[in-house]
Amino acid sequence: MNDGSLTRTLERDWVRWSLIAWGLIALYYVISRWTGIHFLQLGDTDDNMRLMQVRAWLGGQGWYDLRQYRMNPPLGFDMHWSRIVDLPLAGLIVLLRPFVGVREAEMLACGIAPLLPLSIVILGLGATVRRLIDPRAWPVAIGLLIVCPATMPMFMPERIDHHGWQLAMLSLTVAGLCDPRAARGGAIVGLASAVSLAIGLEMLPYAAMAGVILALRWVWDRTEAQRLSVYALSLGGGCAIGYALFASYANSVLRCDALTPVWLSVMVVGGALLFAMAWANPANRWVRLALALAAGGVVVVGFALVFPQCLGRPEQVSPELAKTWLNNVREAKPIYEHPFRTAFVIAVLPMIGVLGAMLATWRARGTARGGLWAPVLLFVAFAALMLLWQIRAGPAAQMLSVPGSAALIWLLVPMTLRSRSSVVRVLGTAGVVILASGSFTGPVMTPLDLRWTGLNLRYTPPDRPTKRVQVVDRAGARCPTMTALSPLDRIPAQIVFTFVDLGPRLITLTHHSAIAGPYHRNGDAILDVQHAFSGTPENFRATARRHGATLLLVCPNLSESTIYRVRSPNGFYAQLAHRKTFDWLEPIDLPRGSPLRLWRIKPE
């Protein structure tokens, strides 16, 4: 194949070749992580709860009933999610179980499902760099995406929760922002935002910023009215459809943590105002700016007046639970509160992406491509700044850095390749790629730096901190395994009193029920568990009796247990950890070498 035919292939058949690349990447990850797939190593509490949600639906639970009845039974508690992400997972299970059985079908579905949104991300970023850089630049985007250390774990086998799908919608959003076809671009941004909001509110700031960018684009250039009007209709209509199809019974009330009537009202009213502005489309730029500011003021003031309960934290947890749990979640802390080895790995690629987007926008000024780069630059810079709010913005910020990084490579690599010096051609090219991709951060990163799981609380005593962290990490790796928990199925199904972080994994791998999981709508049960382990033995026994718990399961040195020992050195768990016995606790033998300890709670 000569250079001309290769160029035409890259330009014409990019979708087909992108999907082939995705297939090869997916195959590699499935093979390389087969052990984890086989043992259903759902490392995050949300992944375990997602599977339980799918099991309940396939087992006959109603479409709009997202209550988890095996957590805090018999009443259970309502999840704030929707069933959008359940659909591909359930579809794979239903498709595979006639051939391999239920267990293997779940195993394979959990391995394959997270890789599906990766195909959308590859196509979204490919479309973006083709429009902004060159029609042949999409392979560079794929290569850069693969080396994003915070983004790619969201698509790994067993990562079945919503993060990958919301990143996929975000990749479509940035593609829509730079779409030269106004109507199509507006529809893509509006629908992608609506789907993301129907999945969950994690990407609400990005959806809001996309709307602001489109409004500013219209203020600057009134010919963008069509893009803005189509976006407004797609956003408002898409959210309305998403609410009608996917909002649970529990989300039909004025809650602040999901697409409830609260945020549905905001999106519909906001979309209506944007559509009215675009329809009026005054010729004077200052009038357009005044209309945009007025529309924003109406939405903000109206929200504050109509939904004052949502001006604080959307989770609406008690001050005590916020203090003991939510305020300490590591992924919800800003990047500057994290260790350098974590912050450096997360922040470098977004910074490179912003610099690359700035350079590309400057070089393209005065051209049609410059008008496409400007909204992307604003969006990429916003994503990077989100790290100053919460480090959980890292996966999105790194993914959105790809266009800017690709622009740097596309600009600088031809310069090094044209050099007369072989050293510059080889080492210079390699250096450009390593620097622009952020790959030089690799030696700084360790596998434990980028976990986004459970309560994410860890206490490190000032003496011998490294050894203590190793002990905690070892317990966190051993206790939630199938090998450790499956022996519990030899005991008749009961309600087990265990750590909050261990609850979702327990109900996923065994037939037992648990008291609490790390979910804010389960806040009262979380506090009950915390008080029981931190308080007196008598309080623990009374709490267990109130919840109907007949078994006690602990994992010594799990991060959550360390917190109880430190906060309450004389509390029930601290006494238990020091091998104190109680006549109302009967030890139950587990297989030799088990990291768990189990007792039967005797009735009074």
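Worth a mention:
- Leading residue by the ranking (surrounded by the most Cβ atoms within 10 Å (Cβ to Cβ)) among those in the stretch 54-86 that are among the aliphatic types (A, V, I, L, M) and in a helix (DSSP H, G or I): Val54
- When residues of the stretch 526-538 are limited to those that are buried (at least 22 other Cβ atoms within 10 Å of the Cβ) and of a type in the set (A, V, I, L, M, F, W, C), the one nearest to the chain's Cα centre (by Cα): Ile526
- Identity of the residue in the stretch 289-335, assigned to a loop (DSSP other than H, G, I, E, B) and of a type in the set (Lys, Arg), that ends up farthest from Leu385 (Cα to Cα): Arg313
- Only listed residue being without any contact (Cβ under 8 Å) to a residue 24 or more places away in the chain, touching a strand residue (DSSP E or B) at 6+ places or on another chain (Cβ under 9 Å), of a type outside the set (Val, Ile, Thr) and outside the structural domain of Asn72 (by TED's automatic domain parsing), chosen from Ala577, Ala542: Ala577
- Residues being polar (S, T, N, Q) and within 12 Å of Gln53 (Cα to Cα) - total across the stretch 67-82: 2
- Within the span defined as the stretch 265-288, every residue fails to be outside any helix (DSSP H, G or I), free of Cβ contacts under 8 Å to residues at least 12 places away in the same chain, in contact with a Ser or Thr (Cβ under 7 Å, 6 or more places away or on another chain) and of a type outside the set (Phe, Trp, Tyr).
- Spans of helices (runs of 4 or more DSSP H) in the stretch 121-213 with at least 2 residues within 12 Å of the chain's Cα centre (by Cα) and on the phi < 0 side of the Ramachandran plot: 163-177, 182-199
- Set Leu89, Leu19, Leu10, Leu51: member being touching a Pro at 6+ places or on another chain (Cβ under 8 Å), touching a residue at least 24 places away in the same chain (Cβ under 8 Å) and not in a loop (DSSP other than H, G, I, E, B): Leu10
- Restricting attention to the stretch 372-391, the residues that are among the β-branched types (Val, Ile, Thr) and touching a Leu at 6+ places or on another chain (Cβ under 9 Å) add up to 2.
- Those residues of the stretch 523-559 which are farther than 21 Å from Met79 by Cβ and of a type in the set (Asp, Glu), in sequence order: Glu538
- Whichever residue in the stretch 280-335 is of a type in the set (Gly, Ala, Ser) and under 30 Å from Ile346 (Cα atoms) and, among such residues, is modelled with the highest pLDDT: Ala322
- Residue count for the stretch 135-160 under the criterion of being over 18 Å from Leu172 (Cα atoms) and either without any contact (Cβ under 8 Å) to a residue 40 or more places away in the chain or among the charged types (D, E, K, R) (or both): the result is 3.
- Residues (assigned to a helix (DSSP H, G or I) and small (Gly, Ala, Ser)) located in the stretch 92-106: Ala105
- Qualifying position, being touching a Gly at 6+ places or on another chain (Cβ under 6 Å) and acidic (Asp, Glu), among Asp524, Asp528, Asp501: Asp501
- Residue check, Val269 under 34 Å from the mean Cα position of the chain (by Cα) and assigned by TED's automatic domain parsing to the domain that holds Ala207: yes
- Within the stretch 248-304, being buried (at least 16 other Cβ atoms within 10 Å of the Cβ) and among the aromatic types (Phe, Trp, Tyr) holds for Trp263, Phe275, Phe303.
The values are calculated or read from the model by the stated rules, or taken from the named source; none is laboratory data. This is a predicted model, so every value here is computed, not measured. For neighbour counting, all protein chains shown are included, and Cβ atoms are generated from backbone atoms with ideal geometry for every residue, glycine included.
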